[in-house]
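The block underneath contains the structure these notes are about, expressed in structure tokens.
The values are calculated or read from the model by the stated rules, or taken from the named source; none is laboratory data. This structure is a prediction, so every number in the text was calculated from the model and none was measured. Cβ placement follows ideal geometry from the backbone for every residue including glycine, while neighbour counts extend to all protein chains displayed.
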Amino acid sequence: MRIVSICPSNTEILEYLGKVHLLVGVDDFTDWPLSVRELPKVGPDLSIDMDEVAALKPDLVLASLSVPGMEKNIEALEKLQLPYIILNPNSLQEIAEDIETVGRAIGESQLGMTRKATFLAEIRQFRQRKTKSSQPTLYWEWWPKPVFTPGAVNWLTEISELAGATNIYATEQVASFQTDWEDVKTRNPDHICMVWVGIKEEKMRPELVMKRPGWDKMRAVQNGNVHVLEESLFCRPSPRLLEGLRKLIRHIN
């Protein structure tokens, strides 16, 4: 089977199934596993070159609607009559369902169900961990200006809970919430988690975050709990979130 993935998280789900060797092309942002870096690139996720995708003669395209603007990719796939499925999870349960969906789509239904069960079992193990009576609060920064952060309807709120913590924006019943520096300061988190979407850790500037007006009074800054984290382990809805979860637990403990 010939598969093209046009979103990094889709590629990572295929890898979780042990079927990454079926890929014949990926989007420009896919960087894991390392073996896919030599594959033909078909453009950034919001500007996929569908003619290049078609030239690869895929039996299946793993598409996504995880980022606003990806709708035009679906329109192009329809126009070219290329076979595709869409993945767009917001929760860990939906990621599990997508593992099964991809397995079924590639003719490996039993594999998909088995790996889904494995993923859910690992999540249950984290839920069963004994947590401290007091839960630290986390502020996740997806983007610095304008400020975007995950709300209740997002996997990072679940990841926070599994780590024994609380997302300070779990009060907002949306997947992504736009706020401002003043509101973050008012909520006064114990930890600041920098996961700027699409930005590598070495390019992030935590010293600038700590210099924002009034942020020197925040608990996270005063206690040195400003964490630069790998956005690839926290911003992509794939099984690698559990790897990120393990790192988060080490940071906040």
Practice item. State which residue is surrounded by the most Cβ atoms within 10 Å (Cβ to Cβ) when the search covers only region 37-49 and only residues that are among the acidic types (Asp, Glu) and out of contact with any Cys (no Cβ under 6 Å at 6 or more places or on another chain). Key: ASP49
Exercise for review: Scan region 31-70 residue by residue and report those that are modelled with pLDDT under 95, polar (S, T, N, Q) and outside any helix (DSSP H, G or I).
Suggested key: SER47, SER66
Review point. Does any residue of region 117-139 turn out to be surrounded by 15 or more Cβ atoms within 10 Å (Cβ to Cβ) and in a loop (DSSP other than H, G, I, E, B)?
Key: yes
Check your understanding: Does VAL197 satisfy the condition of being modelled with pLDDT under 95 and assigned to a loop (DSSP other than H, G, I, E, B)?
Key -> yes
**Study point:** Residue list for region 162-182, restricted to those being touching a Lys or Arg at 6+ places or on another chain (Cβ under 7 Å) and either part of a loop (DSSP other than H, G, I, E, B) or over 27 Å from ALA121 (Cα atoms) (or both)
**Key:** GLY164, ILE168, TRP181
Exercise for review: Would you confirm whether any residue within region 140-150 is of a type in the set (Phe, Trp, Tyr), out of contact with any strand residue (DSSP E or B) (no Cβ under 7 Å at 6 or more places or on another chain) and within 27 Å of LEU14 (Cα to Cα)?
Suggested key: no
Practice item. Report yes if some residue within region 201-213 is aliphatic (A, V, I, L, M) and surrounded by 22 or more Cβ atoms within 10 Å (Cβ to Cβ); otherwise report no. Key: no
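For every residue, the table says whether it meets (1) of a type in the set (A, V, I, L, M, F, W, C); (2) surrounded by fewer than 20 Cβ atoms within 10 Å (Cβ to Cβ); (3) within 22 Å of the chain's Cα centre (by Cα); (4) under 21 Å from THR118 (Cβ atoms).
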site	(1), (2), (3), (4)
LEU23	yes, no, yes, no
ASP31	no, yes, yes, no
SER35	no, yes, yes, no
ASP51	no, yes, no, no
LEU56	yes, yes, no, no
PRO68	no, yes, yes, no
ASN73	no, no, yes, no
ASN88	no, yes, yes, no
**Study point:** Positions within region 130-165 being under 21 Å from ILE95 (Cα atoms) and among the β-branched types (Val, Ile, Thr), in sequence order
**Key:** THR149, VAL153, THR157, ILE159
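For region 2-15, how many residues are surrounded by fewer than 22 Cβ atoms within 10 Å (Cβ to Cβ) and either without any contact (Cβ under 8 Å) to a residue 40 or more places away in the chain or under 22 Å from GLY198 (Cα atoms) (or both)?
Residues that pass the stated criteria total 1.
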Check your understanding: Can you find even one residue in region 181-199 that is among the hydroxyl-bearing types (Ser, Thr, Tyr) and over 14 Å from the mean Cα position of the chain (by Cα)?
Key -> yes
Point to revise | region 93-104, residues that are buried (at least 19 other Cβ atoms within 10 Å of the Cβ), of a type outside the set (Val, Ile, Thr) and touching a residue at least 40 places away in the same chain (Cβ under 8 Å) | key: ASP98, GLY103
Study note, to complete from the structure: Picked from region 195-253 (must be charged (D, E, K, R) and in contact (Cβ under 8 Å) with a residue 40 or more places away in the chain), the residue farthest from ARG115 (Cα to Cα) is ARG236
